[in-house]
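The values are calculated or read from the model by the stated rules, or taken from the named source; none is laboratory data. None of the values given here were measured: they were computed from a predicted structure. Glycine also receives a Cβ, built like all others from the backbone with ideal geometry; neighbour counts cover every protein chain displayed.
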Amino acid sequence: MSLPKVSVVILNWNGKQHLEEFLPTVYNSQYENLEIVVGDNASTDDSVKFVKDNFPLIKIIENHENLGYAGGYNAVLKQVEADYYVLLNSDVEVPPYWINPVIELMESDNQIAIAQPKIKSFFQRDYFEYAGAAGGFIDKFGYPFCRGRIFDSLEKDNGQYNDIQEIFWASGCALFIKSLAWKRLGGLDANFFAHMEEIDICWRAKNLGLKVMYCGLSEVYHVGGGTLNTESPHKTYLNFRNNAFLLKKNLSPIRTSFVIPFRFFLDFLALLRFAFKRQFANAGAVSKAHRAVCMAFLKRKINYNKDISNHPNKTGLYQKSIVWDYFVKKKKEFKDLEF
C-alpha cells in the first residue's frame with residue numbers, strides 16, 4: 001500500500017539566502033511519496049533562477065505579484081495535487097525523517113485536519129522557537145500563546161513536550177494540512193495578507209468539529225522573522241489588525257460585542273507601552289491597525305463565519321486571561337497555567 005502523497009510547499013519572496021541554506025535539507029527529506037514545490041511571490045532577487053539551476057526536479061509556481069502569505073499560498077495550492085500539503089517557511093531546517101511521524105499521526109484519525117511538528121530555534125537549538133513552539137493555544141480574549149512560549153518567554157526543550165497533543169492552532173511555519181480539509185475550508189483568508197491566518201484556518205477547522213494536533217515525534221528548526229523582522233512596525237500593524245479580524249470571524253456576535261472593545265482598550269495600553277519605550281513607529285502601527293479594523297468592519301469586509309457545527313471543538317481554548325496570568329501572576333511557563 002503506497003504512502004499518501006505529500007507536497008511540501010515553500011512560499012518564497014526575495015528569500016534566495018534562505019533557499020540556499022535550507023532548501024537542501026528539504027530536498028533530502030526521506031519520504032517515499034514526496035513532491036517539493038517552491039511558490040514564488042514575484043521575487044526581484046535571483047530566487048527562481050537559483051532553484052532552477054540547482055534543483056531542477058523541484059516544481060516552481062510563480063505568482064504575478066506579492067500576494068502575501070495567505071494569498072500566495074491560495075494561488076499556488078490551486079496548482080498542486082496531493083493528499084497532504086505542508087506549508088513550510090523558507091527559513092526552516094528539517095531533518096531527513098521529519099515528515100513520516102506527522103503523516104502517521106494524521107492518517108490515524110479522520111477528524112485530524114491540521115498538525116505541526118515541534119518547532120525549535122535555529123540559533124538556540126535547545127530552546128523552542130517563538131512561532132509555534134510545541135503547539136498553539138488561545139485565551140478567552142483572543143491572545144495566542146504556545147506550549148513552550150508565552151509572549152516573549154521561551155522554554156528550554158527538556159523533553160517535556162515529546163508527546164502527541166491536541167492543540168488549538170498550528171504554526172504557519174510548518175503546517176501540515178489534509179488537502180480535503182484545505183479545500184473544504186476554502187484555504188487561507190487573503191484579507192489577513194500575513195500573520196495569524198494560520199490561527200484563523202485552524203479555528204475555522206475546529207468550528208467544524210475537526211482536530212488540530214501537535215506531533216512531538218518530529219522537530220524542525222526555524223530562524224524566524226525571515227520576511228518581516230520581529231521589530232518591524234508593519235508586523236506590529238498586521239498582528240494587531242489581524243487579531244481583531246480573527247475575533248470578528250470566529251467568535252459569536254454576542255461575544256464579539258464585548259471582547260473586541262476590551263481588546264481595543266488593551267491594545268491602547270500596548271500603544272502607550274511602545275511610546276514609553278520610545279518605539280514610536282510601533283505605537284503608530286497600533287493606531288493604524290485600529291483605523292483599518294474600523295474601516296474593514298464598516299465596509300463588512302470581515303464577517304462572522306457562520307459555518308459552525310453543532311459541536312465545535314474547543315480543545316486548546318484557555319478560559320482565562322493569559323495577559324493577567326503572565327504579567328500580573330508572573331506565570332512564565334505553560335506548566336504554570338491552570339486549564
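Numbers at a glance
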| quantity | calculated |
| --- | --- |
| Any chance Ile201 is among the β-branched types (Val, Ile, Thr), in contact (Cβ under 8 Å) with a residue 12 or more places away in the chain, surrounded by 24 or more Cβ atoms within 10 Å (Cβ to Cβ) and part of a helix (DSSP H, G or I) | yes |
| Residue in the range 128-135 that is among the hydroxyl-bearing types (Ser, Thr, Tyr) and out of contact with any Gly (no Cβ under 6 Å at 6 or more places or on another chain) present | no |
| Scope the range 269-305; condition hydroxyl-bearing (Ser, Thr, Tyr) and either within 27 Å of Phe327 (Cα to Cα) or in a helix (DSSP H, G or I) (or both); matching residues | Ser287 |
| When residues of the range 280-312 are limited to those that are at pLDDT below 95 and over 25 Å from the mean Cα position of the chain (by Cα), the one farthest from Phe240 (Cα to Cα) | Asn310 |
| Filter result for Asn74 (under 20 Å from the mean Cα position of the chain (by Cα) and surrounded by fewer than 21 Cβ atoms within 10 Å (Cβ to Cβ)) | yes |
| Residues satisfying the stated conditions in the range 105-127, i.e. assigned to a strand (DSSP E or B), more than 26 Å from Ile260 (Cβ to Cβ) and among the hydrophobic types (A, V, I, L, M, F, W, C) | Ile112, Ala113, Ala115, Ile119 |
| Some residue of the range 149-157 being under 21 Å from Leu88 (Cβ atoms), of a type in the set (Val, Ile, Thr) and not assigned by TED's automatic domain parsing to the domain that holds Thr256 | no |
| Qualifying residue in the range 151-158 (condition: at pLDDT below 95, part of a loop (DSSP other than H, G, I, E, B), over 20 Å from Gln319 (Cβ atoms) and out of contact with any Gly (no Cβ under 6 Å at 6 or more places or on another chain)) | yes |
| Index of the failed condition, Thr315 passing every other in (1) more than 21 Å from the chain's Cα centre (by Cα); (2) hydroxyl-bearing (Ser, Thr, Tyr); (3) not in a helix (DSSP H, G or I) | (1) |
| Only one of Tyr130, Tyr161 that is crowded, with 18+ Cβ neighbours inside 10 Å, in a loop (DSSP other than H, G, I, E, B), of a type outside the set (A, V, I, L, M, F, W, C) and over 16 Å from the mean Cα position of the chain (by Cα) | Tyr161 |
| Top-ranked residue in the range 289-308 [being touching a residue at least 40 places away in the same chain (Cβ under 8 Å) and among the charged types (D, E, K, R); ranked as surrounded by the most Cβ atoms within 10 Å (Cβ to Cβ)] | Lys301 |
| Tally, over the range 309-339, of residues that are surrounded by fewer than 17 Cβ atoms within 10 Å (Cβ to Cβ), more than 18 Å from Phe262 (Cα to Cα), among the charged types (D, E, K, R) and in contact (Cβ under 8 Å) with a residue 24 or more places away in the chain | 4 |
| Selection count where residues are over 23 Å from Glu21 (Cα atoms) and surrounded by fewer than 16 Cβ atoms within 10 Å (Cβ to Cβ), scope the range 53-71 | 2 |
| Single residue of the range 220-246 satisfying the filter (assigned to a loop (DSSP other than H, G, I, E, B) and either at pLDDT 95 or above or under 15 Å from the mean Cα position of the chain (by Cα) (or both)) that is farthest from Asn66 (Cα to Cα) | Val223 |
| Answer residue from the range 204-219, given it is in a strand (DSSP E or B) and out of contact with any Gly (no Cβ under 6 Å at 6 or more places or on another chain) and is surrounded by the fewest Cβ atoms within 10 Å (Cβ to Cβ) among those | Leu217 |
| Single condition Ser90 does not satisfy, out of (1) surrounded by fewer than 23 Cβ atoms within 10 Å (Cβ to Cβ); (2) in contact (Cβ under 8 Å) with a residue 40 or more places away in the chain | (1) |
| Phe176 being under 18 Å from Leu77 (Cα atoms) and aromatic (Phe, Trp, Tyr) | yes |
